[in-house]
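Working notes for the structure below.
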Amino acid sequence: MIGTRIKQRRKELGLTQSAVGRSIGVSKATVSLWENDVTAPNGANLQALAKVLQQSAEWILTGKEPNEIREGVALYHAQPLEGIPLIEQAEIGRYLSGDFKPKKNAGTNSGMIAAASGAGKQTFAFISASEGMSPRIEPGDTIFIDPDQQDSKPGREVWLFKVGNGYELGAVAETPRGLMLRFDKQAPGWEPMPVKKEDCAGKVVAFRPSWLN
């Protein structure tokens with residue numbers, strides 16, 4: 001069954017339903033429906049799921065091995081992508097200005113996570129030390145940032161902004177006082193702060209919980 005293959009492969013990779021859903025852009029409930037064969041992935045969701053699971057769409061639908069050949073046509077087999085650069089949060093500014101060359105990557109699956117999220121070629125990752133977006137994003141989570149996306153639209157999407165001498169994650173709100181970076185954490189010290197559009201360093205396109213690192 002399609003659902004059984006999806007579930008088994010997800011567990012082999014150590015991924016949760018939530019993590020798979022975030023990488024694809026669907027809800028945990030949607031992934032659960034796929035795994036229980038209530039519905040089946042198709043179209044762009046099927047292709048994105050194939051990348052996350054590091055398998056072919058053909059394998060997900062039929063169970064055939066990716067290297068099998070049917071009707072004289074080689075079936076698609078998703079190849080591992082190069083790892084996304086992993087940098088220290090303190091080095092974000094230097095990395096964005098081209099003054100810092102990363103020596104680490106965010107893991108062998110990081111390229112696929114970024115690709116499934118529709119991220120650009122300049123995407124990088126860092127390990128968050130901030131509690132501002134808790135419980136959505138916790139300290140220790142690996143954050144994937146696409147610096148090519150800087151439109152910082154108001155809403156629940158999370159963005160990376162230059163704040164003072166550092167960088168901070170937050171959602172954006174337009175107020176009579178201008179653009180404000182707001183946080184999920186409701187505690188003193190996490191009140192919304194003013195930011196400028198030109199200080200946006202990119203969009204959070206995916207993140208990996210710390211317990212999966």
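Quick note: the coordinates plus some simple rules give every number you see, no bench work behind them. Predicted model only: the values in this text are computed from it and were never measured. Quick reminder, even Gly has a Cβ in these numbers, built from the backbone with ideal geometry, and neighbours come from all protein chains shown.
Descriptive notes on the structure:
- A simple spin-label model places pseudo-atoms 7 Å from Cα toward Cβ; at T175 and K11 they are separated by 4.7 nm.
- Hits among aspartates and glutamates - C-alpha to C-alpha of K196 under 19 Å, sequence gap 8 or more where chains match: D146, D148, D151, E157, E168, E174
- Relative contact order [Cα under 8 Å, 6+ residues apart], the stretch 2-74, whole percent: 31
- Percent RCO, i.e. relative contact order, over the chain, from Cα pairs under 8 Å lying at least 6 residues apart: 16
- Long-range HN-HN contacts of A201 with modeled amide H, under 5 Å: L160, F161, K162
- Sequence of T16, T142, T175 once ranked by neighbouring C-beta atoms within 10 Å, starting from the fewest: T175, T16, T142
- Under 24 Å of direct C-alpha separation, and excluding same-chain neighbours fewer than eight residues apart, K197 reaches these lysines: K121, K153, K162, K185.
- Where a label projected 7 Å from the Cα of K103 along Cα→Cβ would reach, residues of the stretch 116-146 with amide N under 18 Å: 125-127
- Residue-normalised convex hull volume from the C-alpha trace of the chain: 137 Å³ per residue.
- Remark: the stretch 180-193, residue by residue, has Karplus-estimated 3J(HN,Hα) of 10, 8, 10, 10, 6, 6, 9, 7, x, x, 10, 6, x, 10 Hz, where x stands for each Gly or Pro and the curve is 6.51 cos²θ - 1.76 cosθ + 1.60 at θ = phi - 60°.
- Anchor K103: aspartates and glutamates whose Cα lies under 14 Å away (excluding residues fewer than 8 positions away in-chain): E82, E88, E91
- Prolate/oblate/rounded label for the stretch 2-74 (Cα gyration tensor, a/c 1.5): prolate
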